[in-house]
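A short worksheet on the structure shown next.
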Amino acid sequence: MVALHALAFVALAGRSTGHDLVVTLPAGTVPDAIASRVIHTSEGRGPGLVRERWRVAYRGDYVREVGATQLVGPFQDPKAPACSGRVIVGQALLDQIAGEIRSVIDDQLRGETIFPVGAYHSIDAFALEWARFETHPLDAALLGTEGAPHGYVRATARIAFERVTVPIVLVAVPEKADTQLHFRVAASARVEVANGFLQWLNSKVDLTSKLATRLANRELSAMLVTALAPPPPFELAEGQTLAFTFCADPVEIADRAYGALPFAVAIGGAPGGVLPPHIATTHAPPPVPASLAIDLDADALNAMLYELWRTGWLDRRLAEVGLDRRFNTDPTVAEMLTVRLSPPRLALPPVITREGDHLRLAADGRVNLSDGGLTVGRVYGAVDLRLAAGLSPTVSLGALELACERAPTTLVPCYADLVGALATRAADFDGALTTSFGELLRDIFVDRELSAGDLPVSLRVTGVVPTLVGTGVHLDLNAKLVK
Amino acid sequence: MVAPLAVRGLRVALPDGRVLIDGIDLEIGAGEVVVLLGGSGAGKSTFARVLFEREELEHAGFEIVATQLDLDRDQLGLVPQRGALFDHLDVRGNLELALRHGGGDERDADAWLERVGLEAELAAPGTPVTRLSGGQAQRVAVARVLASKRKLLFLDEPSVGLDPQRVRVLARLIREQVKALGVSAIVVTHDVALAAGVADRLFLLSLADRKLDQLFADRWPGALEDPGHDASERGRWLVELEAALVEHLDQHGDKPPPRGPAVPRSALAKVGRVVEPLIAPFRVAATAAWLAPRQLVKYPRDFAVIAKRVVLQTLLRPLVFYAIVSTLIGYTVLFVISKIGGAGVRPDALLRQIGGAHVVALAPALSALLFVAASGSATNAWLGSMGLTKQTLALDALGIDRRAYLWAPAWLAVAISYAIVAVVFALGMILGGLLVCRAYDVPHAWQLLTGDLLDPRPERLRYAVRAAFLVWIYAWGLASDVVAKGGAAKPEADAVTRGMTASVVACTLWIVAWELVTVLVVFRL
C-alpha cells in the first residue's frame, strides 16, 4: 500500500507540471490545455514594431506573459529615401545674414568709382526676405521664364554713389541638383540721374549689370546654402557615417516667414532585408522659427535609429553602458541570484512612435541568460520619453518584458518575478538608448558651427527647444552668425 | 438436541509455558445453567476468553488445545463484568443495538427493560448508562444479551459490586429468563450466593490440577432460587459450598500453575509478532475502507452514532485550538519571512515572493502532527477504553462485528476530520498571513495567500498537488493507525496509554517519512 502510494505520487508529481504558457511562432499557437485562459493581444498595427502578447493571469496577481516582436512595414526605400526632415530658416536668421552680407558688399565697394555715377559712398537699407512671386509681381522679369513657383530670397538695397543713389533688387531662387543646393541669382538696378547725358551714358555702360555683379551674390548664395542645406554627415565610428541627403520634395518658402528645405536620412541595407518602417506623415507647414529649426518626422528618427543599429553603433553603446556588467555585479544579484546576463544586443532596429504627448522608443533585444544552462532571452523594452530643452529626455517605463527561447521559434515565460522586480530599473536598458539617442541628436543638430564658404562668419547653433509636431519632433534651434 | 457448548480436553498454556487450564471437559445442555467457581488465577477469565477471543489469545502466544470445542459462536452471548454497557449510547440505545443486530424489533426496548425488572422510564431517549447503578447496569446487560437472541449466555462475574439482596434478585432474573427463553448459561463467579442461586450444575476450576471438577455432582439440588427450596436448605448449601470453596483455596490457593515447556514459536511467528504492529494499520485501512460503505448503507444509524462521537473528539472539541494555533503559526512564519531580508529589503516584496507557498508546504505536516497529538490520541483513548471496559468484547458477544460497527465509521470519521482540520489549519495560516500582509499594506493579500492553493502557477502546481496528496495519505494513514492501536487488545489500563504513545510515534514517523519522500520526489523531478 505504501509502495503503491509512493509510486502513485511519483507518477502524479511527474504529471503535475502544469501547463505553462508556450507560444510557438510564427503562428502563435498555445497549448490546448490553457488556450481558454490565454489572452492574446497585439500592440500596434504597424508600420513599426508590433508587439504580440500571450498572457495568462493567475490568482494573486501573478502573470505569465510571452511576447514576440515583429517589425512590420511598409518600409523605407534605401534607393529613394523619403523626405522625412526639413531645415527651416526663419526670417530672423535671414535678417542676420543680411547684416553680414551688407558688410561684405560695403567692403567690396569701398573705394570703388564707377563711371558715371561716381565714387561709392554707402549701402543702405539692405534687406533679405523670403518671398513669393504672388506678392512681388514686379519681380517677374528677374525671375525669368523659369519663375520661382516655391518662392525665393529677395534682396533689396540702396547704394549711394557720388552722383546718384541706386536702388537694387536681387532675387535668389533655390534650385536643387541631385546632391547640391544652389541659388539662381538675378538683379536689377534702377539708376535715376537728372543729367540727360549721364542717363544716356548709363544706358550705354550697363551700370545695372556692373552693380549686380558687385553685389556679393556668390557670398549670399553660399550663406543661404549653409543655412538651408541638410545637416552634414555625422561620423559614427570606423568610417561609418550618418548621412543626410536631398530628397525629391521642393523647397518651401513662406512670404517673409521662412524657407524650408526637405531632406532625407540616407539608409543602407541590412542583413535579412531589415529596413526601417515608413510611417505615412502629412507634413503641415512648420511653425515659424525664431531663427533656425529642424523638423524630424518619425521616418527620420527611425531611419537614424536604423542606421545606428545597422552599423552596430547602438550595440556598442549598450556594451559601453555595461548593462550586463552592472546587473551581474550588483551586490544583491551576485549574492542572491544564480542567473547572469550576457551583453544585450538589439535584434531589430529600435523604433520611435508618437504616443499622445510623448514619444515611445521600443527596442527588441537578445540576451543570453546563464543559469546552469544557457538560454536565449528575448528582451522587449519600451520607454516613454519626453524631450526637454537641450534634448535631455525624461524617461518613464513603458514596458519591460522577457521571454525565453526554448527553441528559436518556441517562447516560454521566464524569470517573470525577476523581471517584475527589475522593472524599476528598466531605464538601465532603454534609458541608455534614449540618452545616447538624445546625445546624438544634440551632436548632429545642435552643437555645431558651420562655415559659409569664404565668408569670415559661421553659423553657430547653441541651444534647442524641442516640441512634438506630427509624428516627430520639431527642434527650434538657437542659431546665430558669428565671426 | 445439540448441546450449545461441548468442550473436551481443553488445555490452555501461557506463552511462557505455564499451564492455566489443563483439561476441561464440559457439556451444557439446553436450558441449563452451569456455574464455574474458582479462586483468583484459576483460569475462569481465560476460559471466557477462549470462548470469545480465541484468535487474540493464540495471536498473543497462548497455546490452546482441545480435542473437542463445539461452539456456535453466533449463539454465544456475553454479560461482561459490570455489564460493559456501551457508554456512547444511552440505555435505550444499548438495547436497540442488540435488537437491531439480533433481528428483534427496536420498539421492544421498553419491554426488555421491564423483563429484567427495570422501569421502562430508563428507556427514555437520552438516559445515559452512567446514571445506572451497578445492579441496574447488570440487568440492562442481561436484557441486552437476551434481546440479541443468544442461546448460550456467558455471565462473567455478574454480581460484582452488588449487595446480597441484589445478588438474589439477579439470580432469580437469570433463572426466570433461562426458563422463559429456553437458553443456557455459563456463570463465572466467586459469589457463593449467586452460584447456589442459579446453578443447575456447579464446577470448580481446580487450582490443584487445573482441571474442571464438578461439585456435589450426585447431590446438588439445583438452583436454589428456583421454587421449592426453602431458606434453611439454601442456607445449608451456601455454607457447604463456601466451605468447599474455602477449603480448596486453603489447600491450593498459593499453588502456581504448573510450568510446561514454553510454547514454541516459529521464526515466522516471531517475525509476524514484530511486524504485526506495522501491518495492523494497513489491515485496518483495507478492512475499514471495505466495510465503511456497507455499514453506512446497512446500519446508517450505527454509523452516524460512532462517526458523530469521533467527529466530536477529533474535530469539534479541538477546533478552536487548531484555529488559534494555525493563525499564530501563519502569522509567525510570515512575520519571520518578512524580516529575514534584513535592512533595505522590502518586506512586501518578500511576502509577494512567498505568496501562499508556506501554507502549501507546512499546513499538511503541521496539522497532521497536531492532529495526531490531540485528536488522534482522543480517539485512540476512547477506542482503548472501550476495549479495556470490555465494550468491544460485548459487541462481539452481540454478534456485532466491531470492525464494521466501530472501526469503519471511526476510521472514516478520523480521516475526514483530519482533512477538515488540514483545511482549517490552512485557513488559519492564511488568516495569520493576512494580518502580516495588512501590517505591510500588501495589496490583494487574500488572493496572494490563496493563489498557491486555488490557482497555482504552473511551476507551483506540483507543490499544491503534493499538499493534496499529503492530506490524503495523512488522512487515511493517521486514521488507520489510530484505529489499529486504539482498537488493539487492552488487557490493562497501561495498554491504553501505550497505544496512544505508540500511535503518536508511529504517525509522526509516517508524517516525517512522507514529507521527506515527497520533497525529494518533487524537487528531483
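Each value in this text was obtained by applying a stated rule to the coordinates, not by laboratory testing. Note that this is a predicted model, so its numbers are computed, not measured. Reconstructed Cβ throughout: ideal geometry from the backbone, glycine too, with neighbour counts over all protein chains shown.
Tell me which lysines have Cα within less than 23 Å of A:Lys176's Cα, excluding those fewer than 8 residues away on the same chain? Candidates past the 8-residue exclusion: A:Lys79. Applying a length cut-off of 30 Å (Cα extent along the axis) and a mean Kyte-Doolittle floor of 0.0 to the DSSP H helices of chain B leaves B:267-298, B:319-340, B:408-439, B:458-487, B:493-524.
Mean residue ellipticity, 222 nm, helices only, chain A: the sum of -39500 (n - 2.57) across DSSP H runs of n ≥ 4, divided by residue count and rounded to 500, is -7500 deg cm²/dmol.
Rounded, prolate or oblate: which one fits the stretch A:259-364, using the alpha carbon gyration tensor with axes a ≥ b ≥ c (rounded when a/c is under 1.5, else prolate when a/b beats b/c, else oblate)? It is prolate, given that a/c is not under 1.5 and a/b is the larger ratio. Using the Cα gyration tensor of the stretch B:159-239, with a ≥ b ≥ c the square roots of its eigenvalues, what is the shape: rounded (a/c below 1.5), prolate (a/b larger than b/c) or oblate (neither)? Because its axes are fairly even, with a/c under 1.5, the stretch B:159-239 counts as rounded.
Across chain B, the longest run free of exposed loop sites, meaning GluC sites (Glu not before Pro) lying outside DSSP classes H, G, I, E and B with no more than 15 other Cβ atoms within 10 Å, spans B:120-491.
For the stretch B:455-481, the residues whose amide N sits under 11 Å from a probe point set 7 Å from the Cα of B:Ala289 along the beta carbon direction are B:473, B:476-477.
The mean number of partner chain beta-carbon atoms within 10 angstrom of a residue's beta-carbon across peptide A:59-72 is 4.
Peptide B:459-466 shows a mean partner chain C-beta count of 5 within 10 Å per residue C-beta. Against the main long axis of the alpha-carbon atoms of chain A, helix A:430-441 sits at an angle near 10°. Averaging the Cα positions of each part gives two centres, and for the stretch B:343-407 and the stretch B:487-525 these lie 11 Å apart. Dividing the helix sum by the residues of chain B, where each DSSP H run of 4 or more adds -39500 (n - 2.57), gives a mean residue ellipticity at 222 nm of -19500 deg cm²/dmol.
Net charge in the neighbourhood of B:Asp156 (other residues with Cβ under 11 Å of its Cβ; Lys, Arg +1, Asp, Glu -1) is +3.
Axis of helix A:217-228 versus longest Cα principal axis of chain A: the two differ by about 20°, to the nearest ten degrees. For B:Gly499, what charge total do you get from the other residues with a beta carbon under 12 Å from its beta carbon, if Lys and Arg give +1 and Asp and Glu give -1? That sum, taken over residues with Cβ under 12 Å, equals 0. Restricting the calculation to alpha carbons of the stretch B:278-524 gives Rg and Dmax of 20.2, 72 angstrom. Shape class of chain A from the alpha-carbon gyration tensor: prolate, with a/c at 1.5 or above and a/b greater than b/c. Here the peptides A:369-376, A:264-271, B:205-212 are ranked by packing, the mean other Cβ count within 10 Å, and the order with the highest first is B:205-212, A:264-271, A:369-376. With R₀ set to 51 Å, the beta-carbon distance separating A:Glu335 from B:Thr130 gives a calculated FRET efficiency near 0.15. Between the stretch B:243-297 and the stretch A:337-410, what is the separation of their alpha carbon centroids in Å? When both Cα centres are located, 77 Å separates them. In chain B the Cα-Cα distances spread across 20 Å bins starting at 0 as 20, 43, 24, 11, 2, 0 percent of all pairs. Here is the P(r) of the stretch B:5-252: all C-alpha pair distances, binned every 5 Å from 0, give 1, 6, 14, 18, 18, 16, 13, 8, 4, 1, 0 in whole percents.
Please go through the residue pairs B:Lys270/B:Lys308; B:Lys270/B:Lys298; B:Lys255/B:Lys485; B:Lys211/B:Lys485; B:Lys179/B:Lys211; B:Lys298/B:Lys490 and name each one whose alpha carbons sit more than 31 Å apart in this structure. Those over the limit are B:Lys270/B:Lys308; B:Lys270/B:Lys298; B:Lys255/B:Lys485; B:Lys211/B:Lys485. I'd like the antiparallel share, as a percent to the nearest 5, of DSSP beta bridges with both residues in the protein assembly as shown. In the protein assembly as shown, DSSP labels about 90 percent of beta bridges as antiparallel. Taking amide H positions as modeled 1.01 Å from N, with prolines and chain starts lacking one, the residues under 5 Å from B:Gly17 and 5 or more places away or on another chain are B:Val263. Dividing the convex hull volume of the alpha carbon atoms of the protein assembly as shown by its residue count gives 226 Å³ per residue. Per residue of peptide B:469-480, the mean number of Cβ atoms on other chains within 10 Å of the residue Cβ is 2.
Once both labels are positioned 7 Å from their Cα atoms along Cα-to-Cβ, the gap between B:Asp70 and A:Leu4 label points is 4.3 nm.
Net charge in the neighbourhood of A:Glu129 (other residues with Cβ under 11 Å of its Cβ; Lys, Arg +1, Asp, Glu -1) is +1.
To the nearest ten degrees, helix A:298-310 and the longest principal axis of the Cα atoms of chain A are 60 degrees apart.
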